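Just so you know, all these numbers are worked out from the coordinates, no wet-lab data involved. Being a predicted model, the structure only gives us computed values, none of them experimental. As a convention, Cβ positions derive from the backbone with ideal geometry for all residues, glycine included, and neighbour counts pool all protein chains shown.
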Amino acid sequence: MGLQINKALVTGGAGFIGSHLVDALVQSGCAVTVLDSLTTGHVENLASVRDRVDFVQGDIRDDDALDRCMPGCDVVFHQAAVVSVTQTVQDPVTSARVNDLGTIQVLDAARRHGVRRVVLASSSAVYGDAPQLPKTESMIPAPMSPYAVQKLTNEYYAALYGRLYELEAVCLRYFNVYGPRQDPSSPYSGVISIFMSRALQAQAPVIHGDGNQTRDFVFVGDVVQANLLAATHADAPGRIFNVGTSQSVAINALWQSIAALAGVAVGVQYGNSRMGDILHSLSSIQRAREILGFQPEVRFEEGLRRTFDWYRQGR
Ligand code: NAD
Ligand code: UD1
């Protein structure tokens, strides 16, 4: 893809999604700066490009760090966040400092430094439990957690920075992203990463609720493609796009698929539903398809296998 991005900043670039994005940008010949506090990210995620990126360990809430990273950037990909819904329920204040104020600081630094475009990682969580499926971008959001409110607030600020300061801003509502490098080590980690590490240890997973809740799981490589399209397409600025697959999988069925891959037969523990958890999540990606030409390429079975191989190799 001819990216026409000479220099980019990836906040949260040592994280799961951010590091895959960094790989793709470096591969395209773009100069890349990563700003990451390493709160949930790892420098090991950047191992293959470490000598080709400018890595700054710092916080998006630190204007000096932002001023160091922004000069000369055409595009900022803003991935840094407190990503766990549960964690934002438990600590709404700290998460708001990062997800709300930190995002405004990123947008404002981009404005000050004359950055052309900012692509923000938003979330399907903004839809909440609104009954209509699939979720389309024109639906009225119904956030059910501090996390979802924070992401929605980010979108409003992005639109505002577009109107007030002519900063090109694009918001991507990722559905549930999975793939290699997703860190399984916390109870708040993404469900696929947790289930895979459980299966590899032949341990029972904990399913919160009855396991009939569904998610639209999208492979990380497809999310990277959506970011690159959002950063380069002339019609993207000022818009919000869903990034998913338009297919959903129940959490019970997910465990069965992973147990089959691992060749284990262990029982399942059922626990209470999580506060702020949504029941069903399914994307319409018509807008991203029509405007950006986005098309997810990795089918769920294939993505699950590739991800499982990565965990099995213990990387
Ligand atoms: P991740 O935890 O792997 O990545 C987040 C990165 O941000 C980490 O490297 C972390 O160290 C860094 N970070 C956190 N706070 C920071 C701060 N104050 N300053 C600088 N860096 C900070 O998670 P991820 O899954 O890669 O998520 C990336 C983005 O995508 C997040 O904005 C998240 O909300 C969003 N998102 C993720 C999913 C998903 O399913 N994984 C779905 C929807 C949206
Ligand atoms: C995830 C992302 C969030 C993103 C959202 C988009 C993470 C950590 N969170 O939230 O950033 O905005 O998708 O839709 O990546 N579950 C279990 N057992 C477990 C873990 C989870 O049953 O051990 C269940 C949860 O209760 C939930 C489902 O699996 O119903 C998915 O959970 P999780 O992977 O944490 O994702 P979301 O909460 O959907």
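State the volume of the convex hull built on the alpha-carbon positions of region 105-258, expressed per residue in Å³ and rounded to an integer.
131 Å³
Taking the square root of 5 times each eigenvalue of the Cα gyration tensor, what semi-axes in Å does the equivalent ellipsoid of region 209-315 have, largest first?
Calculated on Cα positions only, the semi-axes equal 30, 18, 11 Å.
D for the chain, whole µm²/s, Stokes-Einstein with Kirkwood Rh over alpha-carbon pairs at 25 °C and 0.890 mPa s: what number?
The calculation lands on 125 µm²/s.
How far apart, in nm, are two points set 7 Å out from the Cα along the Cα-to-Cβ line at Val266 and at Ala47?
2.5 nm
Which of Thr94, Thr86 has the fewest other C-beta atoms within 10 Å, and how do the rest follow up to the most?
Fewest-to-most Cβ neighbours within 10 Å comes out as Thr94, Thr86.
Calculate one ³J(HN,Hα) per residue across region 25-38 by plugging θ = phi - 60° into the Karplus curve 6.51 cos²θ - 1.76 cosθ + 1.60, and present them in order as whole Hz with x for glycine and proline.
For region 25-38, the Karplus-derived couplings read 5, 4, 4, 7, x, 7, 6, 10, 10, 10, 10, 8, 7, 6 Hz, x marking Gly and Pro.
Quick one: longest stretch of the chain between exposed loop GluC sites (Glu not before Pro), exposed meaning at most 14 other C-beta atoms within 10 Å and loop per DSSP?
The longest such stretch corresponds to 1-165.
Dipole size in debye (nearest 20) for region 87-170 around its Cα centre, Lys and Arg Cβ +1, Asp and Glu Cβ -1?
My answer is approximately 240 debye.
Once the Cβ-Cβ distance between Leu164 and Tyr188 is put in as r, and R0 is 30 Å, what FRET efficiency do you end up with, to the nearest 0.05?
Working: r = 35 Å, r/R0 = 1.16.
Efficiency at R0 = 30 Å is approximately 0.30.
What are the residues whose amide H is under 5 Å from the amide H of Val218, where those residues sit 5 or more places off or on another chain and H is modelled from the backbone?
Here the answer is Asn176, Val177, Tyr178, since their amide H atoms fall under 5 Å of that of Val218.
Mind checking the dipole of the chain: about its Cα centre, +1 per Lys or Arg Cβ, -1 per Asp or Glu Cβ, Debye to the nearest 20?
Charge dipole, the chain, about its Cα centre: 320 debye, nearest 20.
May I have the pair-distance distribution P(r) for region 1-41, computed from all Cα-Cα distances with 10 Å bins from 0 and rounded to whole percent?
34, 51, 14, 1
Please give the charge dipole size of region 175-267, origin at the Cα centre, charges +1 on K and R Cβ atoms and -1 on D and E Cβ atoms. Round to the nearest 20 debye.
With Lys and Arg at +1 and Asp and Glu at -1, about 120 debye.
Could you tell me how far the Cα centroid of region 260-315 sits from the Cα centroid of region 1-78, in Å?
25 Å
Using just the Cα positions, wrap region 10-143 in a convex hull and report its mean projected area in square nanometres, one decimal place.
Mean projected area of the Cα convex hull: 9.1 nm².
Cβ under 11 Å from Ala80's Cβ, Ala80 left aside: what net charge do those residues give with Lys, Arg +1 and Asp, Glu -1? Present the calculation step by step, with values, prior to reporting the outcome.
Working: positive: Arg61; negative: Asp36, Asp59.
Summing Lys/Arg as +1 and Asp/Glu as -1 gives -1.
When DSSP assigns beta bridges and you keep just the ones with both residues in the chain, what percent turn out antiparallel, to the nearest 5? Don't skip to the answer; put the middle values down first.
Details: 2 of 38 bridges.
The antiparallel fraction comes to roughly 5 percent.
Treating region 69-193 as a set of equal point scatterers at the Cα positions, no solvent, please give the Debye-formula log₁₀ I(q)/I(0) at q = 0.15, 0.16 Å⁻¹.
For the requested q values the scattering log ratios are -0.74, -0.83.
Does region 216-268 classify as rounded, prolate or oblate by the C-alpha gyration tensor (a ≥ b ≥ c root eigenvalues; a/c under 1.5 gives rounded; else a/b over b/c gives prolate, otherwise oblate)? It would help to have the intermediate numbers written out before the result.
Values: a/c = 5.84, a/b = 3.07, b/c = 1.90.
It is prolate, given that a/c is not under 1.5 and a/b is the larger ratio.
Quick check on region 156-315: of the DSSP beta bridges with both residues there, what percent are antiparallel, nearest 5%? Could you put the intermediate results ahead of the total?
Values: 2 of 12 bridges.
That works out to approximately 15 percent antiparallel.
Farthest toward the dipole's positive end in region 38-134, which of Gly72, Val98, Val126, given Cβ charges of +1 (Lys, Arg) and -1 (Asp, Glu) about the Cα centre?
Gly72
Please list, in order along region 174-179, the HN-Hα scalar couplings obtained from phi with the Karplus expression 6.51 cos²θ - 1.76 cosθ + 1.60 (θ = phi - 60°), rounded to whole Hz, x for Gly and Pro.
5, 8, 7, 8, 9, x
Projecting each Cα onto the charge dipole of region 163-314 (Lys/Arg +1, Asp/Glu -1 at the beta carbon, about the Cα centre), which of Gln201, Ser248, Ile258 comes out farthest on the positive side?
Gln201
What is the distance in Å between the Cα centres of region 107-174 and region 231-247?
11 Å
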